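Colleague: The structure follows.
Just so you know, all these numbers are worked out from the coordinates, no wet-lab data involved. Predicted model, so just to flag it, every value in this text is computed and none were measured. Every residue, glycine as well, gets a Cβ built from its backbone with ideal geometry; the counts of neighbours run over all protein chains shown.
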Amino acid sequence: MKWMLVVLVGGITPVNTNLVFEKFSECLAAEEQMRKHYADAFEAWDRGAAVTFERRREYARARDLQAKRLLSNVGTCVPHGTGEPQPAPPQTSTTPPASPRS
C-alpha cells in the first residue's frame with residue numbers, strides 16, 4: 001500500500017501535497033521533517049521579531065498569532081490508491097418482478 005502526506009492547514013483544512021511514499025515509515029519521516037521546517041521558521045521569525053517590537057504586549061500578541069499560523073499546520077499520512085479504477089460491484093435490480101396478469 002502507498003501512503004500520501006496531507007497537510008491540515010490550521011489543523012482543519014486538508015491540502016494535498018502529491019507526496020506519495022511506498023512505506024508508512026517514509027511518510028511519517030516526511031511529516032516529521034515538515035514539522036521541523038515549520039518550527040524552524042517560527043524560531044527564525046521569533047528571533048527577528050523580539051528586537052523589532054517596541055512594546056512587549058505587541059510582541060506577545062504577534063508571537064501568539066504567528067505561532068498559531070505556523071505551528072497549527074500538521075501533516076498526516078493517509079492511504080493512497082494506485083489511481084487505477086476499481087471494478088464496480090455488480091448492480092442488483094431493485095425493480096420488483098412483474099406480477100402475472102389474468
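Colleague: If you add up the charges near Val78, with Lys and Arg at +1 and Asp and Glu at -1, over every other residue whose beta carbon is less than 12 angstrom from its beta carbon, what do you get?
Modeller: After counting each charged neighbour, the total is 0.
Colleague: Okay, next question. Below 15 angstrom from the Cβ of Arg63, what's the summed charge of the other residues (Lys, Arg +1; Asp, Glu -1)?
Modeller: +2
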